[in-house]
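A short write-up of the structure that comes next.
The values are calculated or read from the model by the stated rules, or taken from the named source; none is laboratory data. These numbers come from a predicted model, not from an experiment. Counting neighbours? That spans all protein chains shown, and the Cβs are built from the backbone with ideal geometry, glycine included. Side chains included, ligands, DNA and RNA excluded: accessible areas come from the protein's heavy atoms. Shrake-Rupley method; radii C 1.70, N 1.55, O 1.52, S 1.80 Å.
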Amino acid sequence: MGVVVVWAAAGCAAGSSTRAFAGPDGVSIQHQEADLQCVPFARAQSGVDLRGDAGRWWALAADRYARGRTPAPGAVLVLAGKRDPSRGHVAVVRAVRDDGRSVGELRIDHANWLNRGDVARGVPVRDASADGDWSRVNVWHAPTGTWGLHDYRVVGFIYPEPPGWRPPPLYAARIRAPRVKPTAPGALYAVASSSSSP
């Protein structure tokens, strides 16, 4: 059974074009031309109301939002910059792959990943850490249809919840389980649900 999730882009300029790319398991990735930075996009899509450079979001969230190392739908994924760790990138986790044995892949929505201001939705991100702890990730490069050439350091996940909140045990319990490659396209994903999502 497969699940294809497509979100309509919101807040993009009229007349911008949308292209669809296939992910590693055939799930559609929507790519829309826009002129957005990752911070305002993540803020609008997640409800995590922080301002400032993405590289500062982790610290800014400390007393305002729950933070952790476990991916969960609706959380903001905070990445350190590749060349400059003080810089960063933020994206919204829209789905967590849950095949009953492991959580090793996410779907994210984000803006300005390739420095063109474009919005991409449903982009696969896989755990690239040696210990399966989400300390490093690899991002699917939709235009080439391959996994990216570089892994990125994960600063953590910011949850749109008050400090002290923790993700449901479903995700926490499986985060360190042995990871397996999916055997068929369309493995199940836990998908973020939000009344503010388009």
Of the residues Asp109, Asp84, only one is of a type in the set (D, E, K, R), surrounded by fewer than 16 Cβ atoms within 10 Å (Cβ to Cβ) and in contact with a helix residue (DSSP H, G or I) (Cβ under 9 Å, 6 or more places away or on another chain); which?
Asp84
Could you figure out which of (1) under 25 Å from Phe21 (Cα atoms); (2) buried (at least 21 other Cβ atoms within 10 Å of the Cβ); (3) at pLDDT 90 or above isn't true of Ile158?
(1)
A careful count of residues in segment 87-103 that are surrounded by 24 or more Cβ atoms within 10 Å (Cβ to Cβ) and either at pLDDT below 90 or small (Gly, Ala, Ser) (or both) gives 3
Within segment 112-141, residues being in a strand (DSSP E or B) and within 22 Å of Gly47 (Cβ to Cβ) number 6
Answer yes or no as to whether Ala10 is within 25 Å of His141 (Cβ to Cβ) and at pLDDT 95 or above.
no
Of all residues in segment 47-73, count the ones that are open to solvent by less than 10 Å² (accessible area, probe 1.4 Å) and modelled with pLDDT under 95.
2
Residues in segment 142-159 that are outside any strand (DSSP E or B) and small (Gly, Ala, Ser): how many?
2
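Listed here are the residues, each with its yes/no results for (1) in contact with a strand residue (DSSP E or B) (Cβ under 7 Å, 6 or more places away or on another chain); (2) modelled with pLDDT of 90 or more.
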| residue | (1), (2) |
| --- | --- |
| Trp113 | yes, no |
| Asp131 | no, no |
| Val139 | yes, yes |
| Leu149 | no, yes |
| Arg153 | yes, yes |
| Trp165 | yes, yes |
| Ala173 | no, no |
